[in-house]
1. Membrane-span-like helices in the chain: DSSP H runs reaching 15 Å or more (Cα, own axis), mean Kyte hydropathy at least 0.0?
2. Mind ranking 96-103, 39-46 by how tightly packed they are, going by the mean number of other C-beta atoms within 10 angstrom, highest first?
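Just so you know, all these numbers are worked out from the coordinates, no wet-lab data involved. For clarity, every value in this text was computed on a predicted model and none was experimentally measured. Don't worry about glycine lacking a Cβ; one is built from the backbone with ideal geometry, like all the others, and counts go over all protein chains shown.
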Amino acid sequence: MTLATPVLHTARLRLRPFTDADADPLFALHSSTYVMRYWDSPPWTDRARAERFIAMCRTMADEGTGARMAIDRASDGAFVGWCVLAEWNPDYRSASLGYCLAETMWGHGYATEAAHALLEWAFDTLDLNRVQAEADTRNVASARVLEKVGFVREGTLREDCVVNGDVSDSWVFGLLRREWRQSAAPIPAREAQR
């Protein structure tokens, strides 16, 4: 089953399907040692990785397993980063949330705004009951983003990542449909026509 990647608009952002033109800013994002320091894989060193990433985004949509979207700033079209709803399982009514933003875009609330828009679409469209997310325990800023959109920290995966010899733990977060409905939704989002 295909899952069409939507175009979503918030007050300051546009979330959209990736295009081939995104390869350069995507490579810049994923080749940053600083941005990737809490990631579960080392920074990219080969630009072809960006092209494969974009192809994988299309495959994900074609196979109906999720939607990974580029995030642009609405005011000037600047590439902010990306967010993803992955591992969608219609039988279990579950999925996973993730995001990665360029360092220059940190501290502006963009991750929270994008995550909220994606979750709003996902809960409205996919009949989800649960969304899960993980964050490196050293990445307190990412944990705050998840908590702002309603996630609850459920536990710790001990030493679940080893990247370049660096062992790290991850927090597991969960968000249930009933919690999403109860949470205040301060960040409006609407789906645009493609």
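1. The answer, listed by residue number, is 110-125.
2. 96-103, 39-46
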